[in-house]
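Accompanying notes for the structure given below.
Nothing in this text is a laboratory measurement; each read-out follows from the coordinates by a stated rule. Because the structure is a prediction, the values reported are computed rather than measured. Every residue, glycine as well, gets a Cβ built from its backbone with ideal geometry; the counts of neighbours run over all protein chains shown.
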Amino acid sequence: MKISIFGLGYVGAVSLACLSRDGHEVVGVDIDRSKLELIMAGKTPVVEEGMVELMQQVAASGRVRVTTDAEQAVAETEISLVCVGTPSAANGSQDQGAILKLAESIGRAIGAKGAKAEPHVVVFRSTLVPGTVEDVLRPIIEKLSGKKDGVDFHLCFQPEFLREGSSIRDYDKPPFTVVGANHAFPAEKLKALFGHLPCKFLETSVRSAEMMKYCCNNFHALKITFANETARLCAALGVDPFEVMDLVCQDTQLNISKAYLKPGFAFGGSCLPKDLRATAYLAKQRDVEVPMLAAILDSNEAHLGLAFDAVMASGKRRIGFVGLSFKTGTDDLRESPLVTLAEQLIGKGLQLSVYDPEVHLAQLLGANRRYVETHLPHIGQLLKADLAAVIAESDVLVVGLNDARVFDALAAHCRPEQQLIDLVKLPNRDAIEARGARVAGLCW
Ligand SMILES: NC(=O)c1ccc[n+]([C@@H]2O[C@H](COP(=O)([O-])OP(=O)(O)OC[C@H]3O[C@@H](n4cnc5c(N)ncnc54)[C@H](O)[C@@H]3O)[C@@H](O)[C@H]2O)c1
């Protein structure tokens, strides 16, 4: 394939080397002439394992050319990979100076390209804040080219996952390939380029692809910080942090797995909140800073606050709770976020009725009973055994039960104009809305 690569830093230079190694004809573009000279001399513009030998090899192959002329690069190729830098601005925002300038050049280049067999494909590989390709770069390129995305040319986003220090190995064995595209044509082109790699090839929307790159980096930073905060606390307690983290990683059921990584309502229950509080206290006692661990409960409260705000924003007074315990299938009410929410709403003078098939007042014992008696002293009057009755007497339903029978009952009994605040991502939202009820997800 004939490929132009814009920006020959770590990502662009490694891509240029690997793509030409794999037999493609590559035109490298950079505004920094010294990088272009190095590449033409068979030298690497970045320090990376394996790049010295690979650059010598590909420069000698005759498949690599370089230029500062974007128009020429677009004219001579069928696909452009954009790898310019997107550093932090002083205020923390993304400095898009380079990519905006480049979008103008690419727009003019596509405009000048004239009629050809295939529409040009532009693949943004720089990390870009979600919405940049469709809301910022597309209008610039369409305006300056006088042509239309999705018709005359195609813009798409493919996040880059290589790590400096092992980038050639990562290029050849990425965790996966993710392509955000609005059209099959650019996705097929990228499959032709990267489909042979030993990993999944996943297609998604442009915005999801932009966002998931941030999620990946944030998750990596979170994991490192988790290990380091744990290590600081371990050191203060005379425990071997390597042994502890190794044991933590041995659990591939709950720890190193998909578990707990699905968006939902706030967490609660008799373990997580109390153990986080004890951890923060332990750290304080030993003068150990664990700002990330200490902030988790605040974040959880902010999440609970979304449900509170949604109920208050409805302006209604008769509120039905579908679910009360801290998770579906248990009667444990201790530190249930739904109990906290109920407490807050009662505090605002709202009228509540509650359905939870697992919660039977007469059977609540010990700490569980004491907890609910302290937080919801009149729970006996709120609890109803009949879900249909709760639906009938409520203007707003807070749905916190993940149960197929509940979903069916909601679809059967909810009425027009009734509002549902969905904390579980209702699988039958369409059926409920078809009855005229309004469903608002927590953040979905
Ligand atoms: N470095 C990494 O490990 C890595 C990994 C994944 C993703 N990324 C993302 O990839 C992007 C590139 O990162 P990098 O580390 O390779 O950047 P870099 O700073 O090393 O290189 C960027 C290059 O773009 C060139 N450039 C700037 N404006 C240009 C223009 N108008 N035309 C052509 N070239 C231009 C610069 O001269 C420079 O050579 C960033 O968005 C980064 O967040 C980087």
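So if R0 is 25 Å, what FRET efficiency would D69 and D135 give, r being the distance between their Cβ atoms, rounded to the nearest 0.05?
Step by step, r from the Cβ atoms, then E = 0.35.
Output the 0 to 90 degree angle, nearest 10, between the alpha-carbon long axis of helix 404-413 and the longest principal axis computed from the alpha carbons of the chain.
It is inclined by approximately 80 degrees.
Give the residue list of chymotrypsin sites (Phe, Trp or Tyr not before Pro) in segment 220-272 that are DSSP loop and have at most 11 other beta-carbon atoms within 10 angstrom.
Within segment 220-272, the qualifying chymotrypsin sites (Phe, Trp or Tyr not before Pro) (loop, at most 11 other Cβ atoms within 10 Å) are Y260.
Under 5 Å between amide H atoms, partner at least 5 residues away or on a different chain: which partners does R438 have, H built in plane at 1.01 Å?
Sorted by chain and number, the residues that satisfy this are E417, Q418, Q419, L420.
Please express the Cα-Cα pair-distance distribution P(r) of the chain as a list of whole percents, one per 20 Å bin, running from 0 to the bin with the greatest distance.
Bins of 20 Å from zero give 21, 39, 32, 9, 0 percent of pairs.
How about K258: which lysines have a C-alpha closer than 20 Å to its C-alpha, ignoring those fewer than 8 places off in the same chain?
List returned: K200, K213, K223, K327, K425.
Given R₀ = 51 Å, what would the calculated FRET efficiency be for R277 paired with S166, taking r from the Cβ atoms and rounding to 0.05?
Once rounded, the FRET efficiency stands at 0.80.
Relative contact order of the chain, please, whole-number percent, based on alpha carbon pairs below 8 angstrom and at least 6 residues apart.
9 percent
Given labels modelled 7 Å from the Cα in the Cβ direction, how far is it in nm from K425 to A313?
Each label point is offset 7 Å from its Cα along the Cβ direction, giving 2.0 nm.
Each label point is 7 Å from the Cα along the Cα-to-Cβ direction; what then is the distance between the points at A388 and S34, in nm?
It is 7.9 nm.
Using only helices, what value at 222 nm comes out for the chain when you add -39,500 (n - 2.57) per DSSP H run of length 4 or more and divide by the total residues, to the nearest 500 deg cm²/dmol?
-14000 deg cm²/dmol
On a 0 to 90 degree scale, rounded to 10, what angle separates helix 366-375 from the longest Cα axis of the chain?
Around 90 degrees separate the two axes.
In straight Cα distance, which aspartates and glutamates are under 15 Å from K35, not counting same-chain residues fewer than 8 positions off?
Partners within reach: E48, D69.
R207 to A236: extension gain in nm, 0.36 nm per residue of separation minus the Cα-Cα distance?
6.1 nm
Considering only DSSP beta bridges with both partners in segment 2-204, what is the antiparallel share in %, to the nearest 5?
Once the DSSP bridges in segment 2-204 are tallied, antiparallel ones form about 5 percent.
Under a crude label model (7 Å from the Cα following the beta-carbon direction), how far is C249 from V151 in nanometres?
5.3 nm
Using the beta-carbon distance between A434 and T328 and R0 = 30 Å, what value does 1/(1 + (r/R0)^6) give for FRET efficiency, to the nearest 0.05?
0.75
For D298 and N228, calculate 0.36 nm times their separation in residues minus their Cα-Cα distance, and state this gained length in nm to one decimal.
Gain on stretching D298 to N228: 23.2 nm.
Please report the antiparallel percentage of DSSP beta bridges with both residues in the chain, rounded to the nearest 5.
So the antiparallel bridges in the chain amount to around 5 percent.
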